Every structure is written in C-alpha cells, then in structure tokens.
1. Cβ under 14 Å from A:Lys29's Cβ, A:Lys29 left aside: what net charge do those residues give with Lys, Arg +1 and Asp, Glu -1?
2. Quick one: with all protein chains in place, what share of the accessible area of chain A is carbon or sulfur, to the nearest percent (1.4 Å probe)?
3. Between segment A:364-392 and segment A:314-334, what's the alpha-carbon centroid distance in Å?
4. Given the DSSP H assignment, sum -39500 (n - 2.57) over each helix run of at least 4 residues in chain A and divide by its residue total; what's the result at 222 nm in deg cm²/dmol, nearest 500?
5. In debye, nearest 20: dipole of segment A:359-416 around its Cα centre with unit charges on the Cβ of K, R (+) and D, E (-)?
6. Working with all protein chains in place, sort A:Tyr255, A:Tyr191, A:Tyr19, A:Tyr182 by solvent-accessible area computed with a 1.4 Å probe, largest first.
7. Taking the Cα centre of chain A as origin and charging only Cβ (+1 Lys, Arg; -1 Asp, Glu), how large is the dipole, in debye to the nearest 20?
8. Rank A:Arg15, A:Arg142, A:Arg189 by accessible area, highest first, at a 1.4 Å probe radius?
Amino acid sequence: MTAYKSEFLQILSERGFIYQTSDDDALDKLFASESVTGYIGFDATATSLHAGSLIQIMMLHWMQQTGHRPITLMGGGTSMIGDPSLRDDARKLLTPDDINANLAGIKQAFASYLNFEEQGGSALMVNNADWLMDINYVEFLRDVGQHFSVNRMLSFDSVKLRLDREQSLSFLEFNYMILQAYDFTELSRRYDCRLQMGGSDQWGNIVNGIDLGRRLHGASLFALTSPLLTTSSGGKMGKSASGAVWLNADMLSVYDFWQYWRNTEDADVERFLKLYTTLPMDEIARLAKLQGAELNDAKKVLATEVTALLHGREEAEKAAETARVTFAEGQTAADLPSISVPSAEIDAGIGLLALLVQAELVKSNADARRGIKGGAVKVNDTPVSDQAMSIGRSHLTNDGAVKLSFGKKRHVLVRVA
RNA sequence: GGAGGGAUUCCCGAGCGGUCAAAGGGGGCAGACUGUAAAUCUGCUGCAUAUGCUUCGGAGGUUCGAAUCCUCCUCCCUCCA
C-alpha cells in the first residue's frame, strides 16, 4: 500500500476505498497542497439510493471531512438515457416527472452525510440536466463528438460486453458515456472540479472525461475508483430479504436498516467497519480481533454506527435496543416495524393470510400458506399451523398489538388504528 | 433488400400436439444445525378460500386438446447484398 502525503488519500487508502487512480502521485500532491473539488454522479432511477451507493457517499463524506469540496452530481439528464454498464438489457426510459420525484427522494439521504452550501457547508448538489437539456445537437457533435473515436468506444467493457453477448445496445445508450465525459468537463469548467470518483465499473467513463477535459480546455483531471463490493460469499451489496436496502426511512424502516448491517457475514465485518463507519482505525482493529460469537458485538457496533450516520444516533440506539429486546430477551419490543388496521376489522377478525400480506412479510396468500406449512409463521411468538386462522381482538397482547413473525428475524406489529 | 436462427416462469436454460404450472441449474425464502454469521442438509419457489384461473414475445387460426402445428405482426441475432 502506498503511503500518501495527503490526509484524504491516506484515509481512503487505509480504509479500503481505493481500487485505482489515474495518477497516484499527482493526485496526492494536489490534495496535499490545496482544497480540491471532486464529484460522484448518482443515478435518478429510484426514489431512494440504496446501500450499494453508500461507499460512494462515504468517499464524499471523507472528502469534506478532510477539508475539500464534494459535489454530488444528480443524473437528472443522464437518467433520461440510462447507463448501459453491467446491464444486460435496455432500461426502461423514465419520464421527466419520474426523475424529478426521484431526485427529491435521493436528496434526503445526502443531507445526513454532507453539509451543503445552503446550510453553510461546502458541499454542492448539481443536476446535469442544467446543461444537458439545452445542448444543441449539431454544436455538441462538432465540439465534443469530434474527440470521440467510435473504434475506441467499442472497446470499452460497458459496450463490448453487450456486443459480445449479442445483446442490443441502442444508440441512445451508446451516448451515455459521452454525456458522462461531458459532465466532468462541465463541472471542471464551472466549479474547477478536478476529480471524479466512482465504482471501478465507471473507470472507462471517467477516463473518457479526463481525455475530453484535456482536449477541450487543457484541464488536468483525475480519476479515483472504489472496488466493486460484494459480500464475502459473493452476494451483491445492498440486497436483503425484503429487497433493496434503501436509505430513505420511508422505504426501509430504521430497524430493518440496522438489521441489515447486524446480519453482516463474519468475514465482512472489518471491511465494512472501515468503509461504512467513521470509527478510528485502532478501534476497528480491536473489534476485528473478536472471535467466534464475540464477533457479534462488533456487528452490533457496525450496525449502530452505520445507522447513526444515516438516521442519527438516537434512532440508531433505538433500533439497537429494539433488536436487543427482540432477540436477546425474546420479548416483543414496542418499537418493531408496525402496521395498523381499523378497529372494526379487528373486531370482525382478519384472516391471518391477508394480514401477513398486508404486513409485507409475504407477497401473496400462497406465499403465506407456504410459510405456514414450513413452520415459518408465528403469531405472538407461537407457531401457527392453521392457514385459516383469524386474528381478532383476543390476540392483542398487553401493549395493544399483535406480533406477526415470518422466520426468525422478520417481525411486524399489528396495531389497532 | 434476400436467406436462415431465435424470443419459455426472477435469471440461465430444457421442452417441440395431450401425462406441462412447464425438466435442470442459479438466485430467493423457510426449516434444521449455529452465534440474528458462513458452510452444510431438507423443503418451498405463478395466482386464487381444493377440483379453479392466468402464464411460454403479440394477434388470429387448426385441433376434442397447443409452450409445442399454421398465418400475420413486433423485436433480436447470423450470413449474403
């Protein structure tokens, strides 16, 4: 591992964020000598980012912490096209309305990690729709298009893989990399942005931007990519039993978010502590030494720290406490995710199957039946074998709720509205 | 423009007139074992209050009966021009 002079690169390096850079020495010098502006682009294809983007967000976080200026570039314009990288088939096209709604949702999460200018911080949030939407096609082709060689573009992985696998790649998507390169040059022109970061799959796109910047403005730009993260057993980051691990609390409860990190595989604990928390390195080293069942303590720290960054310390502690009561004591914690049903329905009695669906523990009645058959379903911690079971007022426990469980880890409280 | 090949359930991929809700694998979920881990083993994996319904690119047709045959359409691929 190279020893870096700049604090920023030193931290990124020792915490495992760096996969490759375009020019280690020059970049290090730059960061050591001045306050640098750098950016990462984010898609606007969903209303929330998920845990897979967290590593990028952390890089921006560290950038700001070490005295530099991070820019989050929202892909309002590029999301109109869709990144062909690592996708087998063409994406559905989003409407401008979709995209704007998505951008609004995504912004929420960033505020937890970065201080934006509006609030007296240095971070910027920029939307590439600002310049992409007004591009004049002929002008753009002449100014920018002349610098791109199709021969070379065809050799990029994002394109080549699709062609090799005999899958279609539309011209629209083919242009994605040009627009991304153009983004970099625009940011460099407008904000003196010198660095683009991203996942290692973005390398080609970023390097294109560097080349273009040099040709258009003689700018000296840099790339820094992070490793593509998978769990030790090969799974993709950011997926859980109930789907993606969203950052927005309205899409994934704080408790479930905490649970996701709590269930980290042994082999990933140290890596994740470094990447996703801001704990000092020696503290991480101490936690990583724990063996066997003791490692569970490290996982709890991991979960609480990651959750605290996103949702705040208080919410994180609450989730931790809820988990403790639920798992360690086997009690019903009042703070589990909950749904509410109208009082009248409870009086009449609700079918268990329907209730499980409503609680989003299963996706269909049939799914619920299968769960019951397999012994996965519990009501108030009592296993259920009767598919026709009806939940009524008599099932309410002292704290006025019914606890539904699907499997050992997923619990939902049903309250009366 | 011409000639051929293809489109199957979340993904890959068999099926080529009934026994097909559709082999096998992957993924996912659950159970057992554990440490709310991994690995392993087992079960489940279209919807619906059974026998019912909807699925095999789309629309028609042949047939008692079609994912399987025919016609047209859409999209993809390969070769020729």
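1. On the way: positive: A:Lys5, A:Arg194; negative: A:Glu7, A:Asp23, A:Asp24, A:Asp25, A:Asp28, A:Glu34.
Here the count lands on -4.
2. Values: 9430 of 19300 Å².
Of all accessible area on chain A, carbon and sulfur atoms account for 49 percent.
3. Cα centroid of segment A:364-392 versus Cα centroid of segment A:314-334: 24 Å apart.
4. Details: 19 runs with 180 residues, N = 417.
Theoretical 222 nm ellipticity from helices: -12500 deg cm²/dmol.
5. Numbers: 11 positive and 5 negative charges, 38 e Å.
With only Lys, Arg, Asp and Glu charged at Cβ, the dipole is about 180 debye.
6. Of A:Tyr255, A:Tyr191, A:Tyr19, A:Tyr182, the descending order of accessible area is A:Tyr19, A:Tyr191, A:Tyr182, A:Tyr255.
7. Roughly 860 debye, rounded to the nearest 20.
8. On the way: A:Arg15 15, A:Arg142 160, A:Arg189 135 Å².
Result of the area sort, largest leading: A:Arg142, A:Arg189, A:Arg15.
The values are calculated or read from the model by the stated rules, or taken from the named source; none is laboratory data. Just so it is clear, the structure is predicted and the values come from calculations on it, not from any experiment. For neighbour counting, all protein chains shown are included, and Cβ atoms are generated from backbone atoms with ideal geometry for every residue, glycine included. These area figures cover heavy atoms from the full protein model, side chains too; ligands, DNA and RNA do not enter into them. Shrake-Rupley method; radii C 1.70, N 1.55, O 1.52, S 1.80 Å.
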